[in-house]
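Since the structure comes first, as structure tokens, the remarks are kept for the end.
A short reminder: the numbers here are calculations on the coordinates, not readings from a lab. It should be emphasised that the depicted structure is a prediction, and the values quoted were computed from it without experimental measurement. Virtual Cβ from ideal backbone geometry, glycine too; neighbours counted across all protein chains shown.
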Amino acid sequence: MTEPLLYPAGPECVPENLTKAKPSYKRQVWLAMAGLMVFMCAYIALMVCFGLITYKGFIGLSDQGFDLFKLIITPCAGILTLFMAKSLFAVRRSGDPRGMEVSAENQPELYRFIHTLADEIGAPRPHRVFLTPEVNAAVFYDLSLLNLLFPSKKNLIIGMGLVNVLSFGELKAVLAHEFGHFAQRSMMVGRWVYIAQQIIGHMVATRDWLDSIVRFIGRIDLRIAWIGWLLSLVIWSIRAVVDSLFGLVIMAERALSREMEFNADLVAVSVTGSDALINALYKLQAADHGWQTALQVAENEARSGKRLTDLFTAQRVAMEAMRKVLDDEGYGVTPRLPEGQEQALHRVFSEATAKPPEMWATHPANRDREDNAKYQYVASAIDERTAWVVFENPAAIRTQISEGFYTPDKRDEMEAIAAKDAVMKRFSHTSLEPEYRGNYLSRSPMRNFASVQDILATGELAATATESLAKLYPLELKAQLSEVRSLTSEMATLKALQRGDLKPSGGVIRHRGEELKKADIPEALEQLAQELEDANGQLKVHDALCRRAHLQAAEAISSDCHDYLLGLLKALHCVEHLEAVVQDEQALLTNTWLVITADGQIGYFEKRRMIRVATKVQAVMRDVSAALIHVELSSAIHEKLGIEDWKTQCPAFTLVDVTKGNWGEWCPAASEQMSTIAGLLGYLNDLILNELIVTERAVAAITAETEVAAPFPEAGKVPEAYPVLLPGQENVLQRKLDLWNRFQLAHGFMPSLARLLVAGAIVGGTIYGGLIVL
């Protein structure tokens with residue numbers, strides 16, 4: 001096969017041992033192998049014991065004649081043997097990627113590129129290739145025990161949302177990483193362990209026809225149902241024991257997985273250099289956000305009977321708009337590298353920006369991956385052509401995938417609109433202009449204030465309105481906002497690690513360049529909380545001064561101007577807090593529902609708790625509805641909202657009282673109504689905020705005598721009292737299950753140990769009793 005003209009060139013000089021297995025990798029492989037062998041030996045031993053009971057039972061029945069007890073025990077033991085044996089032959093299907101499958105006939109250059117890359121790395125060529133919409137690339141395949149001896153055919157997913165933002169050289173690096181997991185011969189043992197662990201995980205979690213049979217037995221006549229109950233108890237105990245043993249395998253797998261990811265990165269480095277993969281990682285965060293924005297815009301337009309013809313153009317436009325809003329020229333673009341020897345020492349990621357993108361969320365932190373990729377720096381030019389260059393007829397692919405988001409029978413009835421226009425409409429708010437440094441991007445400027453009077457009492461104004469206005473939105477505001485976002489992200493990550501919702505890569509918690517023990521997390525969180533409080537305090541003062549300075553200027557213009565601006569300020573405070581209250585109550589309702597249904601059963605006390613929470617939510621939502629109906633919008637907001645009569649058309653919580661008889665239907669209905677109310681409040685919030693910023697801009701222009709004062713509309717009104725929710729006063733959500741549910745689901749060390757002891761006693765007693773009696 002001739003070398004494709006499109007294939008990007010690789011580095012000229014690659015260290016000989018770059019991808020060789022490191023001692024740390026070999027150590028983790030041996031630990032994973034040990035855990036795997038312990039598990040398999042225990043599993044097979046349990047299966048053999050139940051098989052032996054079944055065999056002895058049949059022999060006893062044939063030698064000794066009819067025995068009712070043996071007649072019951074023997075089939076039950078047979079079912080338990082079958083239950084364990086069938087898992088060894090289960091096949092874990094990879095599932096449908098729900099993408100557009102392509103072939104070498106309709107995408108010849110793509111296949112030549114993929115095959116050349118696989119051959120260069122030494123990885124098997126993919127069996128099938130799918131193009132999907134997401135910002136993603138992955139290899140998937142079916143798994144069974146046979147794959148420990150015979151490799152499974154690999155299938156490749158290429159996300160067009162990824163292709164849309166990467167250069168050709170960066171796409172090569174990303175795909176090389178995926179192929180790297182199957183490339184190096186020195187990695188074969190690690191891959192064998194990984195495949196075995198995936199199979200075992202499927203064995204532990206699978207629920208199938210045999211479970212249905214046992215449940216059926218437990219639901220028939222009481223004289224027989226008890227057999228089903230006992231079988232269910234024993235099967236639960238077996239799964240609990242197996243699940244606990246499998247935890248040892250998982251612990252070893254986490255550290256091994258980290259080493260495998262590092263090695264796959266080095267495989268990519270060997271064919272693309274040290275920078276291409278890091279550049280791709282850097283761009284993926286913005287690509288994720290751009291893609292989600294494109295989907296949200298498409299969903300909003302669909303409600304109006306319009307459809308976007310190209311979601312990928314929408315993604316690019318959203319990224320460009322965010323770059324402008326954040327006033328960050330480097331957002332979502334290839335990072336600039338220094339010249340010469342400094343390239344090896346240069347780092348794109350700091351410790352604070354080391355969070356992996358969505359497609360690699362389970363991988364090591366970006367900074368760790370960059371250090372690994374540049375430990376032995378490999379210089380190489382990166383092919384800067386767009387990644388679309390390798391596809392035949394990219395426009396047709398973009399159109400076909402974009403159309404797949406709409407129901408075929410409704411798609412033709414929808415009005416096609418340009419993606420750029422739809423996205424820019426979302427970013428057309430004055431509050432998102434670069435001069436505001438991103439201060440109003442995903443921020444609530446009123447949430448930190450208990451009342452409008454609180455705003456008017458915060459901060460110190462300059463002597464004149466002109467001097468006050470000149471101090472607003474300084475350049476350092478951008479850094480302050482970035483610091484708050486970073487601190488918030490750090491706290492969320494550490495809290496998730498503390499709760500166990502997230503697992504640290506390699507089993508090691510890394511924070512600000514240091515390794516933390518789990519016991520050290522509270523102290524780190526306390527420090528972060530203080531830093532965040534200080535940073536938010538500075539922003540709170542600035543938010544207040546923004547409002548006060550413009551009111552100061554408006555008062556000098558006219559009373560109508562001052563009243564209108566103050567009315568907008570009151571309306572924004574009211575709507576922001578009402579929206580926060582609704583979202584908080586909905587979160588409480590949802591959280592309680594998820595907790596009481598965690599184990600699949602709802603007990604008496606759980607039902608009473610759900611009703612108490614629903615009653616509380618109902619009372620708060622009625623207060624919100626009572627406040628909303630007394631809101632009087634200004635004519636400008638009323639016109640933009642498109643509602644003829646607010647009092648009759650404003651959203652209201654209209655459900656009947658929650659009771660013991662209707663709570664099961666009431667909760668989902670309440671959540672749905674709350675989503676509707678929160679959605680409209682969010683839309684109204686955006687309208688009022690934009691009108692406030694537009695009015696403040698006009699006030700500043702009039703003060704600077706660059707604009708002539710015009711008549712201002714009549715101010716709206718809000719009720720004297722309405723529900724207010726300050727940060728930190730949110731409902732406390734249950735992050736841990738109660739003791740019984742934690743015992744059943746093995747959440748936490750002590751509940752896991754207790755479940756293992758109980759389950760082990762049941763399994764051991766069953767085996768001992770079966771072997772002795774029979």
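Table for the structure above
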| read-out | value |
| --- | --- |
| Candidate lysines for bridging to residue 374, where Cα separation is under 23 Å - those fewer than 8 sequence places away on the same chain excluded | 20, 22, 26, 172, 283, 355 |
| Per-residue ³J(HN,Hα) for segment 36-45, Karplus 6.51 cos²θ - 1.76 cosθ + 1.60, θ = phi - 60°, Hz, x for Gly and Pro | 5, 5, 4, 4, 5, 5, 5, 5, 5, 4 |
| Hz values of 3J(HN,Hα) by residue in segment 561-571 - Karplus curve (6.51, -1.76, 1.60), Gly and Pro given as x | 4, 5, 5, 5, 5, 5, x, 5, 4, 5, 5 |
| Likely footprinting exposure, 322, 621, fewest C-beta neighbours within 10 Å first | 322, 621 |
| Pairs from 570/616; 154/420; 607/717 whose Cα-Cα separation, in the structure shown, is over 30 Å | 154/420; 607/717 |
| Nearby aspartates and glutamates by direct alpha-carbon distance to residue 517 (threshold 19 angstrom, same-chain neighbours under 8 apart not counted) | 351, 368, 490, 501, 526 |
| Likely footprinting exposure, 127, 638, fewest C-beta neighbours within 10 Å first | 127, 638 |
| Residues 16, 403, sorted so that the one with the fewest Cβ neighbours within 10 Å comes first | 16, 403 |
| Amide hydrogen neighbours beyond the local backbone of residue 509, cut-off 5 Å, H modeled | 516 |
| Residues of type lysines that residue 518 reaches as a straight line, Cα spacing below 18 Å, ignoring anything fewer than 8 places off in the same chain | 495, 503, 736 |
| Charge sum, other residues only, whose C-beta stays under 12 Å from residue 392's C-beta, Lys/Arg counted +1 and Asp/Glu -1 | -1 |
| Net charge dipole size for segment 430-735 [Lys, Arg +1 and Asp, Glu -1 on Cβ; Debye, nearest 20] | 1240 debye |
| Sparse-neighbour loop sites [trypsin sites (Lys or Arg not before Pro); segment 561-668; at most 14 other C-beta within 10 Å; DSSP] | 660 |
| Alpha carbon convex hull of segment 588-683, volume per residue in cubic angstrom | 96 Å³ |
| In Hz, Karplus ³J(HN,Hα) per residue of segment 706-713 (6.51, -1.76, 1.60; θ = phi - 60°; x = Gly, Pro) | 9, 8, 8, 5, 10, x, 9, x |
| Cα-based Rg and Dmax for segment 430-735, where Dmax is the largest Cα-Cα distance (Å) | 22.4, 70 |
